[in-house]
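Here the structure is laid out as structure tokens; the discussion comes afterwards.
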Amino acid sequence: MEQNRIYFNTPQRLTQLIAANTSVIVAGRRTGKTDSIAAPFILRNMQRMPGSTGGIVVPTFKHGLTNTIPGLLAAWRRWGYVEGLHYVVGHKPPKAFRLPITQPKDYEHIITFHNGSTAVIISQDRPGSSNSLTLSWILVDEAKFIDYVKLKEETLPANGGIKSFFGAHSFNHSLMILSDMPQTQKGSWFLHYRDKMDPELIDAIQATVYEIWKIKQRIRDLRKNGVEPPDYLKGHLRRLDRDLNRMRSVAVYYREYSSIENLQLLGENYIKQMKRDLTPLTFQTSILCRRIGIAKDGYYSSMRESHKYDANDNDYLDSLGYTPDPDALDSRVDLDLDPDAPICIGMDYNANINWIVAGQPRRNRLNVIKSFFVKYDRKIPALVSDFCRYYASHRNKTVIFYHDSTAFNSNYAVNAQDFRWWVINEFKRAGWNCEPVYIGPPMRKDEKYTLINSAFAGRQRLTPFINRSNNPDLILALQTAEISRGRNGFTKVKGGEKLAESEENLLEHRTDGTDAFDTLYIGAEKFPRLSIISIPDSSSII
């Protein structure tokens, strides 16, 4: 039978070969963390500890359903594992499967392997999802969004395993933590594992792995030539295996992967170009993978981790199963949405990227419920269409469209008519009532800086809070927006908007989206509509 060759890049190969009991990998997007680091980790544990139970920890069930689990299953399918034959997801396994050592009460949030191994999907927005578990391994995905206090108090203590069955394995009680570089202090809880790694131990593991490979190669060559390998060689191999197992069982492996790691592939000129083209902060995070938080001297310096929230309807998500129709992942998922209230929007218009940032005032809060953007050939009609499709089930089909004078007499994003006309016309075409609210010329830069930062500090009528799941790119743009001080006071650094887009400097992570956020907040704070601020307490879940 012809064997399929599987390619793994250097970070993926090293993580698998070192196989430390605790592995923490901090790497950027598209480095294959879920596909070729997490998927082999889970597969190894489930295959080599039959009947065991592991835990897959995700920040929200929505994230697990749309990111983590699909990535794992896609990798397993490529490697020849068939759902229904080798594993099942979210339901009781067939009778042909072996029973787990510890049988779950139900299989709704469980992956079951044919040998009885199970993986419990533990989402932190689902209270009690790790209660009463006895785990033999834990995977923590998107660690920068994980609540470490909950993880430490509810989940990590469950990673005791069943020593009588799997105590000899170096990967019993194993822990894998995956993330890209966190942007906040709270999300940086796992970075201290770097100090726990013993580099000499990791070097010894790598040397032992290489020595085992050489001996196995020698044994294969002897047998190929019809010579039975001597006993001392096989005995030496067994001793090396035991030594390797002991080293792995106590090892902590921590790595951060930046673009410099790929210098041979990218070339020195690429790094130099990025240093020229990117803002210093973007270069530090995207290229050098250095640690930052919300900069104290950033434009949104009063924004804190507490200004983000999760509000997903897990009952609705449960009803979709583990292979949901993407069209079903719409506003019905959102618990922070009042379906009987209008939706307020602020927008930003640009030749290459256009934004909608949507929110609903609720007593003394402005909940930023979702943001949308389109790029290049997709213009305002496509942006409004995306919005209307996502909110198709929203009962109150009214949009409060806050806009300043930049919406008039410009049309480079859409052709013919100005931005305001296109926005209103496209909403009407989709069957929505669009109420434009003019907020005047753009607010003075120093005045806007003071207003929005005092709002985050709780000193205005409305305090902005941002739905974490529905605004990942907006949050990153807000957290990395830089500030400069001139003769007219503090202003937002916007020079990066005109640079060419690259994989390390995406349009959606620049300041365009933050301008749409500013417009939404200024409109809701300074130009309130009575119909959307008198929501009764019983409708609030935040």
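When you filter the GluC sites (Glu not before Pro) in the range 1-110 for DSSP loop state and at most 10 other Cβ atoms inside 10 Å of their Cβ, you are left with E2. Measure nothing fancy, just the Cα-based angle from helix 39-48's long axis to the longest principal axis of the chain, in degrees from 0 to 90, nearest 10. Long axis of 39-48 versus the principal axis of the chain: about 40 degrees. For the range 82-135, taking Cα atoms only, Rg and Dmax work out to 11.2, 34 Å respectively. Here the accessible area is traced with a 1.4 Å probe on the protein chains. For the chain, carbon and sulfur cover 50 percent of it. Between 0 and 90 degrees, the angle of helix 199-224 with respect to the longest Cα principal axis of the chain falls at about 50 degrees.
Take every Cα pair under 8 Å whose residues are at least 6 apart in sequence, average their separation, divide by the length of the chain, and the relative contact order is 14 percent. Taken over the chain, the ratio of Cα radius of gyration to 2.2 N^0.38 Å equals 1.10.
Label sites at R246 and Y316, each approximated as a point 7 angstrom past Cα along Cα to Cβ, lie 5.6 nm apart.
Within the straight-line cut-off of under 19 Å between alpha carbons, the lysines reachable from K214 are K224, K234, sequence neighbours fewer than 8 places apart in one chain being disregarded. A dipole drawn for the chain from +1 and -1 charges on Cβ atoms has a positive end, and of W432, L462, L14 the residue lying farthest that way is L14.
Applying D = kT/(6 pi eta Rh) to the range 321-449, where Rh is the Kirkwood radius over alpha-carbon pairs, T corresponds to 10 °C and eta to 1.306 mPa s, the Stokes-Einstein value obtained is 102 µm²/s. Annotation: per residue accessible area for the chain equals 47 Å², rounded to a whole number [probe 1.4 Å, protein chains only]. With a Förster radius of 51 Å applied to the C-beta separation of R98 and Y210, the computed FRET efficiency comes to 0.90. Which angle from 0 to 90°, rounded to the nearest 10, does the C-alpha axis of helix 380-390 make with the longest principal axis of the chain? The helix 380-390 is inclined about 60 degrees to the chain. You can think of it this way: the chain between D195 and R378 has 61.2 nm of extra reach, that is 0.36 nm per residue less the Cα-Cα gap. The three principal axes of the Cα atoms in the range 3-79 give end-to-end lengths of 33, 33, 28 Å, sorted in falling order. The largest accessible area among Y309, Y210, Y87 belongs to the first residue in Y210, Y309, Y87, and the rest follow in falling order (1.4 Å probe, all chains).
Along the axis of the charge dipole computed for the chain (Cβ charges of +1 for Lys and Arg, -1 for Asp and Glu, origin at the Cα centre), the listed residues Y210, V82, P199 are led at the positive end by Y210.
Charge tally for S36 (other residues, Cβ to Cβ under 11 Å; Lys, Arg +1; Asp, Glu -1): +2.
Relative contact order, percent, of the range 96-180 when contacts are C-alpha pairs under 8 Å separated by at least 6 residues?
28
For the range 202-256 versus the range 317-349, the spacing of their alpha-carbon centroids is 53 Å.
The values are calculated or read from the model by the stated rules, or taken from the named source; none is laboratory data. Predicted, not measured: the structure shown is a model, and the values here were computed from it. Here Cβ is always computed from backbone atoms with ideal geometry, including for glycine, and neighbour counts include all displayed protein chains. Accessible surface is based on the protein model in full, side chains and every heavy atom, while ligands, DNA and RNA are left aside. Shrake-Rupley method; radii C 1.70, N 1.55, O 1.52, S 1.80 Å.
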